[in-house]
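Undergrad: Please read through the structure below; I'll follow up with questions.
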Amino acid sequence: MALPSPRVLRRLLDYDPETGALTWKARPAWLFKQRPNSTRRHAANNWNSRFAGKPAFTSRSEGYLRGTVFDQHFKAHRVAWAIHFGAWPSCQIDHINGSRDDNRIANLRDVTNAENAKNQRGKLTNSSGCTGVYWNTGVRKWQAYITVNYETKYLGVYSSKSDAADA
C-alpha cells in the first residue's frame with residue numbers, strides 16, 4: 001500500500017514542531033465510507049467527537065510513539081518529518097538526543113543506517129563505557145578497535161583506558 005502524501009497527512013493531523021506533538025484534526029464527511037444504516041456525516045460526527053483535537057500516535061513500541069492512518073501503522077517521528085518538510089524521509093530518522101519519544105523537529109534528522117548507528121547508546125555488555133574499548137585479560141591492558149564499512153580495524157593495546165579511547 002502506498003504511503004499517504006504529506007499533503008493528506010496535513011489534512012488529518014496537526015504537528016507542533018516545538019513540542020513534537022501530533023493531534024487529530026476534524027475530518028470531513030467525504031473521508032468516510034458509506035455504511036448501511038449510517039450516513040457519511042454521521043460517521044464523521046462520531047469520529048470527530050471522539051478524536052478531533054486529541055493526541056494522535058500515542059501507542060508505544062520499543063520507546064517509539066506509533067499510530068495508524070488509513071489502516072497503515074506508522075512511527076510518529078516519520079509522520080512528523082513528512083508533515084514538517086513535505087516529503088517522507090529518504091532514510092532513517094535519528095533522534096539526536098536518543099529519546100525515542102522526543103519528536104520535536106530540532107531533535108530529528110534524516111540519516112543513513114550507518115550514521116544512525118553512530119548515535120546509539122552503548123551496549124549493556126560494554127564494561128569500559130567507551131565504544132571500541134575493552135579490557136584484554138590476557139595481556140592485562142586496554143585494547144582498542146574501530147569498525148568502518150563493516151571491517152574491524154585493530155588499533156592496539158594501551159596501559160590506560162583513556163589512551164585506548166583516544167585511539
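Undergrad: Which of the following values of mean projected area of the Cα convex hull in nm² was calculated from the structure shown: (1) 15.0; (2) 22.8; (3) 13.2?
TA: (3)
Undergrad: What number comes out for the charge environment of ILE96, summing +1 per Lys or Arg and -1 per Asp or Glu over other residues with Cβ under 9 Å away?
TA: -1
Undergrad: So, one more: Helix 76-85 against the longest principal axis of the chain: what's the angle in degrees, Cα atoms only, rounded to the nearest 10?
TA: Relative to the chain, helix 76-85 is tipped by roughly 70 degrees.
Undergrad: Which of the aspartates and glutamates could be linked to LYS54 by a straight reach, that is with a Cα gap under 15 Å, when you skip same-chain ones fewer than 8 residues away?
TA: ASP14, ASP16
Undergrad: Scattering from the C-alpha atoms of the stretch 1-67 alone, worked out with Debye: what is log10 I(q)/I(0) at q = 0.22, 0.23, 0.26 1/Å?
TA: Here the Debye-derived log intensity ratios amount to -1.04, -1.08, -1.18.
Undergrad: Right, another one. Could you give the size of the charge dipole of the stretch 57-116 about its Cα centre, using +1 on the Cβ of each K and R and -1 on the Cβ of each D and E, expressed in debye and rounded to the nearest 20?
TA: Magnitude of the dipole: close to 120 debye.
Undergrad: What is the chain's relative contact order, in percent, from Cα pairs under 8 angstrom and six or more apart in sequence?
TA: Relative contact order comes out at 15 percent.
Undergrad: Follow-up. Using a 1.4 angstrom probe and counting only protein chains, how large is the accessible area of GLU115 in Å², to 10?
TA: GLU115 exposes around 80 Å² with every protein chain in place.
Undergrad: If I ignore ligands, DNA and RNA and count only protein heavy atoms, how much of PHE74 is accessible to a 1.4 Å probe, in Å² to the nearest 10?
TA: Its heavy atoms expose roughly 20 Å² to the probe.
Undergrad: Can you tell me the orientation of helix 40-51 relative to the chain, as the angle in degrees between its alpha-carbon axis and the longest Cα principal axis, to the nearest 10?
TA: 40 degrees
Undergrad: Within the chain, what's the longest run with no trypsin sites (Lys or Arg not before Pro) in a DSSP loop and at most 12 other beta-carbon atoms within 10 Å? Give the range, please.
TA: Within the chain, the longest run free of exposed trypsin sites (Lys or Arg not before Pro) spans 34-120.
Undergrad: Go ahead and estimate [θ] at 222 nm for the chain from helices alone: -39,500 (n - 2.57) per DSSP H run with n ≥ 4, summed, over the residue count, rounded to 500.
TA: Estimated from H runs of four or more residues: -6500 deg cm²/dmol.
The values are calculated or read from the model by the stated rules, or taken from the named source; none is laboratory data. Given the structure is predicted, the values throughout are model-derived calculations rather than measurements. Positions of Cβ are backbone-derived with ideal geometry, glycine not excepted, and every protein chain shown enters the neighbour counts. Protein only, heavy atoms only, side chains kept; ligands, DNA and RNA dropped before computing areas. Shrake-Rupley method; radii C 1.70, N 1.55, O 1.52, S 1.80 Å.
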